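Let me begin by presenting the structure, written as structure tokens, before commenting on it.
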Amino acid sequence: MGYAMSRRRQIYEGKAKILYEGPEPGTIIQYFKDDATAFNGEKRSTISGKGVLNNRISEHLFLLLGRIGIPTHFIKRLNMREQLVREVEILPIEVVIRNVVAGSLAKRLGLEEGTALNRTIIEFYYKNDKLGDPMITAEHIAAFGWATEDELHDIEELSVRINDFLQGLFAGINIRLVDFKLEFGRLWDGEFSRVVLADEISPDGCRLWDSDTNEKLDKDRFRRDLGGEVEAYQEVARRLRILPEDGTPQVLNLETHRKAKAKSKE
Ligand code: TMP
């Protein structure tokens with residue numbers, strides 16, 4: 001860690017990121033850690049190299065979304081682990097968008113994982129670790145003032161556009177966008193504010209399955225003890241063409257992981 005970092009004021013430390021005060025008022029630096037947690041922090045580990053990959057993947061996706069007119073907090077990537085973003089008031093809502101049955105939806109309703117949904121489902125969760133991020137409805141959001149009606153309308157509209165775009169993008173690299181989580185923030189401009197996409201989009205908060213084999217290329221590898229997390233995240237980055245294509249020898253892949261695993265079972 002460079003000296004510059006130690007001089008910066010830390011604003012917040014989350015499970016996978018640290019936020020520092022940015023160089024100018026209204027800016028924040030997002031630092032991507034290698035820490036991984038699951039099940040509301042019950043399961044913890046570090047996945048060496050994860051932060052670097054998530055920083056790159058999220059930068060790439062936010063830039064592409066920005067180009068199609070999605071307002072985001074993203075300004076620019078600063079280095080391997082940090083990006084400069086606009087300071088926003090994060091709304092206490094996690095938005096989950098689902099295209100395929102998986103995870104908690106499968107569990108809660110007794111459905112089989114992998115069934116394509118005939119329409120996209122948008123779910124809301126109240127962002128509160130102490131309560132384990134309980135599922136909520138638009139009624140709760142309105143009643144408790146977590147977002148205004150206009151803000152919620154924008155969130156839903158943006159979520160649908162983001163899903164349409166990302167589903168197509170991933171389909172083009174042979175990946176099924178099963179589900180993913182978004183966070184939004186209030187960006188203030190004088191006395192007015194608007195809702196913008198914030199946080200990150202990375203394999204930490206998405207389910208990404210290989211279209212042919214259904215192989216998991218996301219954090220479920222960690223949640224379900226499958227191993228090969230970094231290899232899977234690298235595979236996503238490689239398919240998005242954001243890894244150097246020079247055959248860097250230290251770049252691992254899932255094939256290497258599968259072989260090593262098969263060998264250890266012999
Ligand atoms: P779920 O099936 O466990 O509800 O997860 C749905 C999606 O949301 C999945 O892609 C993972 C992501 N997610 C997060 O990013 N953070 C969380 O705390 C949870 C529970 C899910």
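The values are calculated or read from the model by the stated rules, or taken from the named source; none is laboratory data. Predicted model only: the values in this text are computed from it and were never measured. Here the Cβ positions follow ideal geometry from the backbone for every residue, glycine too, while neighbour counts run over all protein chains shown. Surface accessibility is based on the protein's heavy atoms, side chains included, excluding ligands, DNA and RNA. Shrake-Rupley method; radii C 1.70, N 1.55, O 1.52, S 1.80 Å.
Descriptive notes on the structure:
- Close pairs from the range 11-30: first under 16 Å from ASN55 (Cβ atoms) and modelled with pLDDT under 95, partner of a type in the set (Ser, Thr, Tyr) and surrounded by 15 or more Cβ atoms within 10 Å (Cβ to Cβ), Cβ under 9 Å, at least 6 apart: none
- Of note, ALA106 does not satisfy the criterion of being touching an Asp or Glu at 6+ places or on another chain (Cβ under 7 Å), of a type in the set (A, V, I, L, M, F, W, C), free of Cβ contacts under 8 Å to residues at least 12 places away in the same chain and more than 11 Å from the ligand (Cβ to nearest atom).
- Here ILE173 fulfils each of the conditions (1) out of contact with any Gly (no Cβ under 9 Å at 6 or more places or on another chain); (2) at pLDDT 95 or above; (3) more than 12 Å from the ligand (Cβ to nearest atom); (4) open to solvent by 60 Å² or more (accessible area, probe 1.4 Å) apart from (4).
- Hey, THR115 within 16 Å of the ligand (Cβ to nearest atom) and open to solvent by 60 Å² or more (accessible area, probe 1.4 Å) or not: yes
- Test: residue in the range 40-48 that is more than 16 Å from the ligand (Cβ to nearest atom) and surrounded by 20 or more Cβ atoms within 10 Å (Cβ to Cβ): no
- The residues of the range 83-98 that are more than 10 Å from the ligand (Cβ to nearest atom) and either modelled with pLDDT under 95 or open to solvent by less than 10 Å² (accessible area, probe 1.4 Å) (or both), listed by number, are GLN83, VAL85, LEU91, ILE93.
- One residue stands out among those in the range 130-158 that are assigned to a helix (DSSP H, G or I) and within 19 Å of the chain's Cα centre (by Cα): the one that is farthest from LEU182 (Cα to Cα), which is GLU157.
- Scope the range 10-22; condition within 19 Å of THR72 (Cβ to Cβ) and assigned to a loop (DSSP other than H, G, I, E, B); matching residues: GLY14, ALA16, GLY22
- Restricting the range 144-163 to residues that are out of contact with any helix residue (DSSP H, G or I) (no Cβ under 9 Å at 6 or more places or on another chain) and open to solvent by 80 Å² or more (accessible area, probe 1.4 Å) leaves a set whose member that is nearest to VAL96 (Cα to Cα) is GLU157.
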